[in-house]
């Protein structure tokens, strides 16, 4: 998501191996950067696969996506269209009013793929802004939904007080979530993977924390093909030249 700050795949990067397609240039392929939640259409039925994040996409026409409107995201997308990152992000085509709702219109980067392999990664060593933590501390509202998410992953994670209250504070949940995965240790985490072979989706990476676990996940995903490394190096070089990237904070958006 791009909100008031940058999130290039939701800060996240999505990598597709492009199997079944002729080789394309990096700028045309545009398969390394996507906007989370990682959802995409599969031709010709336009059925949806949701790997991670919040459901906010719907299918548009002509290989485009409609994403629920956000003004801050609109401003960021407009700026990206004038930045050196333009070839590495979805094209943006303005706002559409449909069914009494506004949507930002952008490219579906996977529209030319028949059997894509997808990995959704959340970039960053912290998934919240300092101002969000301050605001959440001032509010001090117990979140039962976050408590239930916590115990679904690790029943022993809540304190005795949190267990008695059947709720946790948002800052506490966010800090716990970051230390659970490789976010705090490696500066990114794997959210989900869809493999081209059987079309299976795996989102069981919440506890993939250690370097060895992450390396194994990448090795299984690429199956020996390391061509993506050159693309990531190219992307890094462009990010270092980008005015937009230099002047925006990268973050992942949590639900309010």
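Read-outs throughout are calculated quantities, based only on the coordinates presented, and are distinct from any laboratory measurement. Being a predicted model, the structure only gives us computed values, none of them experimental. Note that each Cβ is placed from the backbone with ideal geometry, even for glycine, and that neighbours are counted across all protein chains shown.
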| task | Given the peptides 100-113, 180-193, 203-216, arrange them by the average over their residues of other C-beta atoms within 10 Å, most packed first. | result | 180-193, 100-113, 203-216
| task | Evaluate 2.2 N^0.38 Å with N set to the residue count of the range 130-179, then give the Cα radius of gyration divided by it. | result | 1.08
| request: Note down the nm distance, to one decimal, between modelled labels 7 Å out along Cα→Cβ at residue 152 and at residue 237. | output: 4.3
| field | Distance (nanometres) between label positions extended 7 Å along Cα→Cβ at residue 58 and residue 82 | value | 3.1
| said: Give me the one-decimal nm value for the distance between modelled label points at residue 230 and residue 72, 7 Å along each residue's Cα-to-Cβ direction. | reply: 3.8
| For residue 222 and residue 246 in the same chain, what is the full-extension length gain: residue separation times 0.36 nm, less their Cα-Cα distance, in nm? | 5.6 nm
| field | Descending Cα extents along the principal axes, the range 180-225, whole Å | value | 32, 20, 12
| How much length is gained if the chain between residue 142 and residue 165 is pulled fully straight, taking 0.36 nm per residue apart and subtracting their Cα-Cα distance, in nm to one decimal? | 7.5 nm
